[in-house]
Amino acid sequence: MSTDVPQSREQARIRIVIADDHPVVRRGLRQLLEFEQGFEIVAEAGDVESARRYVRGHKPDVLVLDLNMPGGSALDAIPEIRASSPEVAIVVLTMQDDPAYARAALGAGALGYVLKEAADTELVQAVRAAVAGERYLNPRLGAKVAAAPPPGPPDGLSEREAEVLRMIALGHTNAQIAKALYLSVRTVETHRAHIQQKLRLSDRAELVRYALEHGLVAIRNTS
């Protein structure tokens, strides 16, 4: 009988991989999650490729994934990880409070979307929901998602072109966009040229106006 108790505890344990490129953040997340009874951190990844590798190797129940890490697009990695490891539930933990990112992550296969500012109160709940096969979305962000325009790039733009256009409208330079999306500056310039050709727009002001009119960026009320 003495062997039954440890076995049942082992079966109930939720095994987690943490993926974030900041060691201090990973340390804090480890402390937060391991404080919860039945949670076990089996690996920590600092980039997208390590996250993929640790999920394959450790076969966790949950991957807590930051969207902004070196080594490629974490958003693009979500469906890849789900395809190769369908048993893992993915909870995104990010500073990105734009509804477009939440829609993209959930659409790619993530079950949870938690803002880092609310991690101490929401992450445990999101992990438990994901293990149960349920979605968890930060409530404040959920209201924005519900009120936001329908997803999908307009006028024949690809998802990547829409992403580049959105960052142009937010005032980012080609170099900043390249760094954020892990692209070369030349690739960003090519995307920008294609966007202008498809939309028949000639300058940045017209691109910004188009992005606002089509809901690619929100008009913030500062009053």
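The values are calculated or read from the model by the stated rules, or taken from the named source; none is laboratory data. These numbers come from a predicted model, not from an experiment. Positions of Cβ are generated from backbone atoms using ideal geometry, with glycine treated the same way; all protein chains shown enter the neighbour counts.
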**Message:** Checking the structure you have, find out if any residue of segment 92-101 is among the polar types (S, T, N, Q) and either without any contact (Cβ under 8 Å) to a residue 24 or more places away in the chain or surrounded by fewer than 18 Cβ atoms within 10 Å (Cβ to Cβ) (or both).
**Reply:** no
**Request:** Looking only at segment 57-67, count how many residues are buried (at least 17 other Cβ atoms within 10 Å of the Cβ) and either more than 20 Å from ARG15 (Cα to Cα) or charged (D, E, K, R) (or both).
**Result:** 3
**Message:** Checking VAL88 against (1) modelled with pLDDT of 95 or more; (2) of a type in the set (Val, Ile, Thr); (3) exposed (fewer than 14 other Cβ atoms within 10 Å of the Cβ): exactly one of these is not met. Which one?
**Reply:** (3)
**Prompt:** Given the structure, is ARG135 modelled with pLDDT of 85 or more and either of a type in the set (D, E, K, R) or within 28 Å of ARG26 (Cβ to Cβ) (or both)?
**Reply:** yes
**Message:** Restricting to segment 11-41, give me the number of residues that are among the acidic types (Asp, Glu) and part of a strand (DSSP E or B).
**Reply:** 1
**Request:** Give the number of residues within segment 60-85 that are without any contact (Cβ under 8 Å) to a residue 40 or more places away in the chain and either closer than 17 Å to ARG128 by Cα or acidic (Asp, Glu) (or both).
**Result:** 2
**Message:** Anything in segment 77-134 that is within 19 Å of ASP21 (Cα to Cα) and in a helix (DSSP H, G or I)? List them, or say none.
**Reply:** ALA77, ILE78, ILE81, TYR101, ALA105, LYS116, GLU117, ALA118, ALA119, ASP120, LEU123
**Contacts under 9 angstrom Cβ, first residue in segment 131-146 being free of Cβ contacts under 8 Å to residues at least 24 places away in the same chain and closer than 11 Å to VAL114 by Cβ, partner in a helix (DSSP H, G or I) and among the acidic types (Asp, Glu), 6 or more apart** = PRO139/GLU122
**Item:** Hits in segment 191-217 (condition: without any contact (Cβ under 8 Å) to a residue 12 or more places away in the chain and either surrounded by 14 or more Cβ atoms within 10 Å (Cβ to Cβ) or in contact with a helix residue (DSSP H, G or I) (Cβ under 7 Å, 6 or more places away or on another chain) (or both))
**Value:** GLN196, LEU201, SER202
